[in-house]
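*Asks:* One structure is given below, represented as structure tokens, and several questions about it will come after.
The values are calculated or read from the model by the stated rules, or taken from the named source; none is laboratory data. Keep in mind that this is a model prediction, so the values were computed, not measured. Here Cβ is always computed from backbone atoms with ideal geometry, including for glycine, and neighbour counts include all displayed protein chains. We work out accessible area using only protein heavy atoms, side chains counted, and drop any ligands, DNA or RNA first. Shrake-Rupley method; radii C 1.70, N 1.55, O 1.52, S 1.80 Å.
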Amino acid sequence: MNPTHISLYVALFQLWNLNFFKDEFYINREEVMTYSKIGSKSTYHRCIKELSYWKYILYIPSHNPFKGSSIKMYDFGTSTGQVVAQSCVQNETSNGQALVSINKHLQTIENNKNINKRNFFKNLNSKNSKTTEKQKSTVPYQDNLKTSTDKNYNEPL
């Protein structure tokens, strides 16, 4: 199964939802291709036939452009009650509220490492600007995109 199969299934599920989850509904190929973002008819037909072969859907082609193909979606694991995994039954749960530590690291506070890194890169950039000035004098049009200095967006490239 690849992303194309998944997008096609989700598109069919959306149409199934629009049809109020009827047992069987009819689709328009162009509409399904638009919803699933599939651009090729051959990819669409290959994927819808594979979904049918893998028993995710039941696809009944109509060969009539005015009627549309028939689709039956299967219900996977539906139940009326809550599903509880057997591995979760052994775990104990508490009735209290989960607490978060008050010492949680705040992203807005700057630490010394970040300040040192900024200073290092500022020094590095100032050294590079001196070397690019030397390069400009020897090689014309070296930096015509102005990548080494601040860009002035009012000027054309």
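*Asks:* Here are 12, 51, 58, 8: which of them is touching a Lys or Arg at 6+ places or on another chain (Cβ under 7 Å) and either surrounded by 12 or more Cβ atoms within 10 Å (Cβ to Cβ) or touching a residue at least 24 places away in the same chain (Cβ under 8 Å) (or both)? Quick ask: steps written out before the conclusion?
*Replies:* Details: 12 fails: touching a Lys or Arg at 6+ places or on another chain (Cβ under 7 Å); 51 fails: touching a Lys or Arg at 6+ places or on another chain (Cβ under 7 Å); 8 fails: touching a Lys or Arg at 6+ places or on another chain (Cβ under 7 Å).
After ruling out the rest, the residue left standing is 58.
*Asks:* Considering segment 27-38 alone, what residues qualify as being modelled with pLDDT of 95 or more and open to solvent by 80 Å² or more (accessible area, probe 1.4 Å)?
*Replies:* Scanning segment 27-38 gives 34, 35, 37.
*Asks:* Follow-up. Examine segment 62-79 for a residue that is modelled with pLDDT under 60 and open to solvent by 70 Å² or more (accessible area, probe 1.4 Å), and state whether such a residue exists.
*Replies:* Going through segment 62-79, the residues modelled with pLDDT under 60 turn out to be none.
Within segment 62-79, none of the residues are modelled with pLDDT under 60 and open to solvent by 70 Å² or more (accessible area, probe 1.4 Å).
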